[in-house]
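Student: If you scroll down you'll find the structure; I have some questions about it.
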Amino acid sequence: MGKLRIILTSAYVRGLIGQLVGTLLGIGFLEAIRGAMGLSPTGATFNLFGTEVAESSFVFGAIIGVIGFLSAAGVLTDWFKWMIGLKTPLNHGAPAGKPEWSRYLNVDVNHKVIGIQYGITSILVLLVGGIFAIIFRIELAQPGMQWLTNDQYNTLFSAHGIVMIASILLGVGAMTNYLVPLMIGASDMAFPRLNAFSYWVGVPSVVLILAGMAVGGWDTGWVGYAPLSLRAPLGVQLFLLGFWINGFSSIASAINVIVTTATMRAKGMTWFRMPIFVWAAVAASLIQFTATQTVGVALMMSIAERAIGLNFFSPVGGGNPILYQHLFWFYSHPVVYVFVLPGLGVISELLPVFTRKPLFGYKWIALSSLGIALVGFLVWAHHMFTAGMADSLRYLFMFTTMFVAIPTGVKFFSWVATLWEGKMSFETPMLFTLGAISVFLIGGISGPILGTVPTDLHLHDSYWVVGHFHATMFGGFIFPFFAALYYWYPKITGRMYKESLGRLHFWLMVPGFWVMSFGQMSLGIAGMRRRIADYEAGLGFEATHILVTMAALVIGWSVLIMVYNFISSARTQEKAATNPWRSRSPEWQIPSPAPEFNYDVPFEVVGDPYDYGLDESTYIQMAPAPAGD
Amino acid sequence: MGKYKHFIIVAVLVVLTTLGLKFLVFGPMFQLPVQASEQGVSIDTMFEGHFWMISFLFALIMVLVFYSAVVFRRKPGDETDGPHVHGNTALEIIWTVVPVFAVVGFGIWGGVTLKQLLSPVPDEMTIKVTGRQWAWSFQYPEYEDINSAELVLLKDQPVVLELSSSDVLHSFWVPEFRVKQDAVPGRTTTLRITPTMAGEYKVRCAEICGFDHANMLAPVRVLEQAEFTAWADERMNAPKFGEMTPEERGALWYSNEGFACEGCHTIDGTAATAPSWLSVYGRSEQLTDGTTVTVDDAYIRQSILDPQSQIVAGFEAVQMPADFGDQFSAKQAEIAATEGVEIDIINDIIAYMQTLK
C-alpha cells in the first residue's frame, strides 16, 4: 500500500469526513423539522449554502458531527459490536499488511501509541495557539491598530486561550498515558478502549473550536462570561461546544489513570514507593474526575440559553450572570492544578537523576500534591474578587487562596534541598527542569499579591494577571513538558536528540520568558488592562510592549528549534543507550523503544525509587522467569 | 566556619540579592501610577510589603539554585552519586509552619485593609455609574440627577459609586485610584473612592465586554470646591428636556451622556463598525440581502428597534444591542414623570440626523 493511501484512509481523515457529514446531516435534520413546522430561523443565524440556518440546528449538527467523527474513525466500533453480542479481542500491533507507523494514524489501544498521539497532537495544537499569540502580540507592540481589526484581535486572544488549554490537556494526557503504566510496571492502562476514546474525542473538539473562528469568531475570552457570551456571534457556540466535548476526554482519561494506578502496580510497589510522577498524575486525575462536570454544566447551560432560550444567566429574564462565574471557576481554577501537578511531578522526577541524590522529602512532596489538589477546590472565588459577590466571601477566599502557598512552598523547598550538595549535570532535560523552577517561581511569587484583596483591586484583570498566569503555566507545565520530551525522547524513539540544539532552545527560551513575564507584570502594575486590542500612546507602555513582543518571537522560534530537533534526530541520530541518564526508574531498565507489553517479565519493587548514593541498592528487581508450572 | 561555611555564604548572598532586587530591579520595574485617592494610601503600603516579600522569596530560591549549580556541580569525570540524604522532618515542619505565619499575617493585613476600603464614611456623595457597550455615564442624585458622560469629582469628598450595567459585564477602574469593581447587569454593586489629587484621569473598562472593550474609556476630572460647584451649577441649570428642540435632544441622545450612539456611529463620514450618520438621512443603502432601501423615518425606527433585521452591506450583524426600545421607553417615562412632557426619542434622533449634512 502506498503511503498516500494509508494517510488518506487513516482514522484522522475518515474522522474528519465523518464529522463533516455528521454535522451536515444534523443541521439538515433539524432544519427539515423546523421547515416543516414553518419556524423562522432564530439565534445567531448562519448562511449555509444560501439558506439561513438556525443556531439550534447548528448545535445539533455539531454534536452529531462529533459522533460522526468517532464512528468513522473507528473509536466506537468495539462497543457497537458488544451491543449486538459480538466479542472483540484487543488488537495489538499494526493492522495486517500495513507498516508500523500507520498505527499512529489510526485508532490503537496501546498506551504508548496513544501517549505519542497525544504528544504530537499537543505540540501541533501548541504551535497553532502560539501562532495566534504571535499575531496579536505584534499588533500590541505599538499603540493604534496596525493590521488587525478589533474583531480579529478579540477572536485571536480568545482562541489562543482555549487552544492552549486544549494543548496542555493533551500534553498532560501524553505524559500520564505514556509514563504511568511504564512506571508502575503495568502492561497497559486499565481500560485500553476508553483510553483511545479519551484521545480521539479530543480531536473533533479542537476542530469545533477552530471552526468557531470561521463562523464569526467570538469576543468573550476563553472564560466565556455571560451575558456577553449570550450575545456574541455564532463562533462562541462552537467554542462552548468544543470545550464541553473536551470534558469527556478529561473525565474518561482521569478514570483510567486512577484505576490503573490503584489496581495494576507491580508487586511491592506501595503508594509511597511509586515514582513521584505517578502521585502527581493521580492527584491531577482526581481533580479532573471531580471538577470537569461543573464546567460542563456551565457550558451546557450557556449553550442551551443561546440555542433554545432557557434562561439561566441573563438578568433580563431573571437569570444570574454571577452564577456562571461560580460554576466556571469551580472547575477552571482546579484545572490549573491539573496542568501544573504533572509538570511539577516531572521536576521532582528528574531532579534526583541529574543531581545523583535522593528526592528530598518524598512523602512531603507526594502529599503536597494532594494538598494542592484539595486546597485548589476551595479558592475558586478569588477570580471573582471584583465581581460583586458578598463582601464576607472576599475575606474567606482571601485566606483560602493564601494557603495555596503552603504546599507549593513545600515543593520549592524540597527541590532546593534536593539540589543542595547534589552532583548536578546540565543536559537539556536538567536545564529545562531548572528553567521550570525559576519560571514557576516567578509565577508563585506573583500570586499572593493577587490573593490579598486590596492589592487585587488594582491588579485584577490587568497585565499582572497575564504575567502571573503565563509564568505559572510555563513554569508549571510547558517547561517541565519540554524537559520530559527531551528526557524520554530516547525512550520513545530509541535515539538521542541533538544536545547542542537542545541547549540553544533552552538559552533562547529562558531569557525570553523572563523578559516576557516581568514585562507583562510591569505593564499591569502601571495600569495596562488585559484583553484590550489597543492602548493609548503616552501611557509609558510602548517600550515594554516592544520588549514583550520581541521576547514572544524569540520564544516562538526556540520552540520551532525543538520541533526541528525532534524530527531530524529521529532519522539521523545514533541509537541511544538503554539507560542514558543512569536512572533507577523501571522504564529505563528495558530496551528503547519499550516493547509492546512493556515488561516481558514482571518486576518486583525491592527498594525506594530515588536511593541514589546508597550502595548496592536497586529500586526494582526483574522477577526470575516463571519456573515451568 | 567549616561546616557552616556554605550556609553563611548563602545567607549573605540572599540578603544582598534581596536588597539588590528590591531597589535596583523590581523597584524600577514595578511602578504604580500616580496615587490619587485615599484608598491608594493603604493599598500602596500593602504593595510595598508584597514587593519586599517577592524580592526575598525570589532571592532565597534563586540564590540556593545558582549556588548549588555552581559550587556542588558534578566535576568532569566524576561518576559517583551525591550524598544519600532522604529528608529532614524538622526542616519540613519549619518550612511548612513559618510560611503559615507569613500567610496568616498577610491575610490579616489584607482583611483589615479591605474592611477599611469597604466601610462607609460620613457625608458620602452618591454617584450612579452605568456601563453600556461601550461607554460610561454618571448620574448625580444629590445634584438634581445631573447626567454626565464624564466623571467629575470633588477633591477630598468621599464618594460611593453605585454601579450597574445595561447590557453585559463591565468593570470600573481608574488606575490612579487603585480600586476596581465590576458593573453587573441586573444588580447594583458599590465602590468607595475619596479622590485626593486634582487632575484628569480616565475610567477604563477592565472586564472584556465585546467588540470595542479597549476603547471603553470615560474622562475623570477631580476638581477643587469652587470649580466643582461651578460645574454642578452649570449642569443643573442646563435646559430641561421639554425646553430643548428635538435636534438638541437628538444630539444629546447621540452622545455618551445619552445612549452612546457615538460609540459606533460617527458623524464625520468615517465608518468603522457601523454606518456613519453624516448625510445618512434620505440616502439609498444596499443591504446584506441585496435589496436597496432609502433611509427614511420608517427604516431608522426599524433599525433601532430591531437592529438585526436590515443590515447595511459590509457591516456586522450582531454589534448593536437589541434593547434600545426598552431603554428609550424607560427614559421617556422618566421624563414624563419629572417634567410632564411626552417626547419621542426616535423622532429626536431622526431630527438630529437630518441636521447632519
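Student: In region B:72-102, which residues become less accessible by 40 Å² or more once every protein chain is in place, relative to the chain on its own, using a 1.4 Å probe?
Tutor: B:72, B:74, B:79, B:81, B:82, B:83, B:84, B:85, B:86, B:92, B:95, B:96
Student: Place a +1 charge on the Cβ of each Lys and Arg in chain A and a -1 charge on the Cβ of each Asp and Glu, then give the dipole magnitude about the Cα centre in debye, rounded to the nearest 20.
Tutor: Its charge dipole is roughly 820 debye.
Student: Then there is this: Among B:287, B:163, B:252, determine the one that fluctuates most according to a GNM of chain B built with springs between C-alpha atoms less than 10 Å apart.
Tutor: In the Gaussian network model the winner is B:287.
Student: Would you mind finding the longest exposed-site-free stretch of chain A, with exposed chymotrypsin sites (Phe, Trp or Tyr not before Pro) meaning DSSP loop and at most 11 other Cβ atoms within 10 Å?
Tutor: Result, exposed sites excluded: A:148-629.
Student: Could you report the accessible area of residue B:3 in Å², rounded to 10, computed with a 1.4 Å probe on the protein chains as they sit in the structure?
Tutor: 150
Student: Over all directions, the average projected area of the alpha-carbon convex hull for the protein assembly as shown comes to how many nm²?
Tutor: Over every viewing direction, the Cα hull of the protein assembly as shown projects on average to 44.8 nm².
Student: Can I ask one more? Shielding by partners for A:211-221, please: the mean number of other protein chain Cβ atoms within 10 Å of each residue's Cβ.
Tutor: 2
Student: With every protein chain left in place, what is the accessible area per residue of region A:1-87 in square angstrom, probe 1.4 Å?
Tutor: Heavy-atom SASA per residue in region A:1-87 reads 57 Å².
Student: Eigenvalues of the Cα gyration tensor times 5, then square-rooted: what semi-axes does that give for region B:57-151, in whole angstrom, largest first?
Tutor: 59, 21, 10
Student: Same structure, new question: Could you compute how much accessible surface residue A:604 exposes when probed at 1.4 Å, giving the result in Å² to the nearest 10?
Tutor: 70
Student: Averaged over every viewing direction, what's the projected area of the C-alpha convex hull for region A:1-87? Give it in nm², one decimal, please.
Tutor: Mean projected area of the Cα convex hull: 8.1 nm².
Student: Full extension from residue A:138 to residue A:507: what is 0.36 nm times the residue separation minus their Cα-Cα distance, to one decimal in nm?
Tutor: This chain segment gains 130.6 nm when fully extended.
Student: Just to be sure I understand: with springs between alpha-carbon atoms less than 10 Å apart, which residue in B:150, B:257, B:342 has the highest mean-square fluctuation in the Gaussian network model of chain B?
Tutor: B:342
Student: Can you give the helix-only mean residue ellipticity at 222 nm for chain A, where every DSSP H stretch with n ≥ 4 adds -39500 (n - 2.57) and the sum goes over all residues, rounded to the nearest 500 deg cm²/dmol?
Tutor: Value at 222 nm, helices only: -22000 deg cm²/dmol.
Student: Using only the Cα atoms of chain B, construct the convex hull and provide its projected area averaged over every direction, in square nanometres to one decimal.
Tutor: Value for chain B: 28.8 nm².
Student: Another question, then. Within region B:1-93, which GluC sites (Glu not before Pro) sit in a loop by DSSP and count at most 12 neighbouring Cβ atoms inside 10 Å?
Tutor: B:79
Student: Which of the lysines could be linked to residue A:3 by a straight reach, that is with a Cα gap under 16 Å, when you skip same-chain ones fewer than 8 residues away?
Tutor: Correct list for residue A:3: A:98.
Student: Let me ask another. Just want to confirm a number: the relative contact order over chain B, from Cα pairs under 8 angstrom separated by 6+ residues, in percent.
Tutor: Relative contact order for chain B comes out at 13 percent.
Student: Sticking with this one: First obtain the Kirkwood hydrodynamic radius of region A:229-315 from its Cα pairs, then insert it into the Stokes-Einstein equation at 20 °C and 1.002 mPa s, and state the resulting D in µm² per second as a whole number.
Tutor: 141
Student: Nearest 100 Å², what total accessible surface is buried between chain B and chain A (probe 1.4 Å)?
Tutor: The summed interface area works out to 8200 Å².
Student: Can you give the net charge of the other residues whose Cβ lies under 12 Å from the Cβ of residue B:72, counting K and R as +1 and D and E as -1?
Tutor: +4
Student: How crowded by other chains is A:352-361, given as the mean number of beta carbons from other chains within 10 Å of each beta carbon?
Tutor: The per-residue average across the peptide is 5.
Student: Accessible area per residue of region B:252-317 at 1.4 Å probe, in Å²?
Tutor: That works out to 48 Å² per residue.
Student: Still on this structure, please answer the following. Below 8 Å between Cα atoms, with a sequence gap of 6+, how large is the relative contact order for chain A in percent?
Tutor: Relative contact order here is 13 percent.
Student: If you keep only loop residues by DSSP, which chymotrypsin sites (Phe, Trp or Tyr not before Pro) in region B:5-107 have at most 12 other Cβ atoms within 10 Å of their Cβ?
Tutor: none
Student: May I have the convex hull volume per residue, in Å³, for the Cα set of region A:138-271?
Tutor: Taking only Cα atoms, region A:138-271 has a hull volume of 130 Å³ per residue.
Student: If you count, for every residue in A:419-429, the Cβ atoms of partner chains within 10 Å of its Cβ, what is the mean?
Tutor: 6
Student: Taking the Cα atoms of region A:108-572, report the difference between the largest and smallest coordinate on each principal axis, in whole Å and largest first.
Tutor: 61, 47, 46
Student: Further question on the same structure: Taking only the alpha-carbon positions of region B:286-357 and ignoring solvent, what does the Debye formula give for the base-10 log of I(q)/I(0) at q = 0.11, 0.12, 0.25 Å⁻¹?
Tutor: Cα-only, vacuum Debye calculation for region B:286-357: -0.34, -0.40, -1.18.
Student: Here's a follow-up. How high is the FRET efficiency between residue A:88 and residue A:596 when r is their beta carbon distance and R₀ equals 25 Å, given to the nearest 0.05?
Tutor: After rounding to 0.05, the efficiency reads 0.85.
Student: Ordering A:261, B:355, B:96 by how much accessible area each has at a 1.4 Å probe, largest first, what is the list?
Tutor: The ordering from most to least exposed comes out as B:355, B:96, A:261.
Student: For region A:134-174, taking Cα atoms only, what is the radius of gyration to one decimal and the Dmax to the nearest whole Å?
Tutor: Expressed in Å, the Cα Rg and Dmax of region A:134-174 come to 13.0, 41.
Student: Antiparallel DSSP bridges in the protein assembly as shown: what percent, to the nearest 5?
Tutor: Bridges in the protein assembly as shown are about 75 percent antiparallel.
Student: Largest first, how would A:439, A:404 line up by accessible area (1.4 Å probe)?
Tutor: If we order A:439, A:404 from most to least accessible, we get A:404, A:439.
Student: Measuring from centroid to centroid over Cα atoms, what is the spacing of region B:193-230 and region A:328-375 in Å?
Tutor: With region B:193-230 and region A:328-375 each reduced to a Cα centre, they are spaced 44 Å.
Student: Could I ask something else about it? What are the DSSP H helices in chain B that stretch 30 Å or more along their long axis, judged by alpha-carbon atoms, and whose average Kyte-Doolittle hydropathy comes to at least 0.5?
Tutor: Flagged H segments are B:38-71, B:89-118.
Student: Hey, got a sec? Which trypsin sites (Lys or Arg not before Pro) in region A:61-168 land in a DSSP loop and have at most 14 other Cβ atoms within 10 Å?
Tutor: Within region A:61-168, the qualifying trypsin sites (Lys or Arg not before Pro) (loop, at most 14 other Cβ atoms within 10 Å) are A:87.
Student: Continuing with this model, one more query. What is the distance, in nm, between label points placed 7 Å from the Cα along the Cα-to-Cβ direction at residue A:316 and at residue B:5?
Tutor: Distance between label points: 7.6 nm.
Student: Distance cut-off 28 Å, Cα to Cα: go down the list A:357/A:411; A:112/A:575; B:22/B:75 and report the pairs above it.
Tutor: B:22/B:75
Student: Further question: Using the Kirkwood radius over Cα pairs, work out the Stokes-Einstein diffusion coefficient for region B:209-327 at 4 °C and 1.567 mPa s, in µm²/s as a whole number.
Tutor: In µm²/s, the coefficient is 77.
Student: Can I ask one more? Under DSSP H, which helices of chain A have Cα atoms covering 24 Å or more of the helix axis and a Kyte-Doolittle average no less than -0.5?
Tutor: A:11-37, A:55-73, A:111-140, A:150-184, A:192-214, A:235-263, A:276-308, A:334-355, A:428-445, A:499-526, A:542-572
Student: Keeping the other protein chains in place, figure out the carbon and sulfur percent of the accessible area of the protein assembly as shown, with a 1.4 Å probe.
Tutor: 66
The values are calculated or read from the model by the stated rules, or taken from the named source; none is laboratory data. Predicted, not measured: the structure shown is a model, and the values here were computed from it. Cβ sites come from the backbone with ideal geometry, for glycine too, and all protein chains shown count toward neighbours. Protein only, heavy atoms only, side chains kept; ligands, DNA and RNA dropped before computing areas. Shrake-Rupley method; radii C 1.70, N 1.55, O 1.52, S 1.80 Å.
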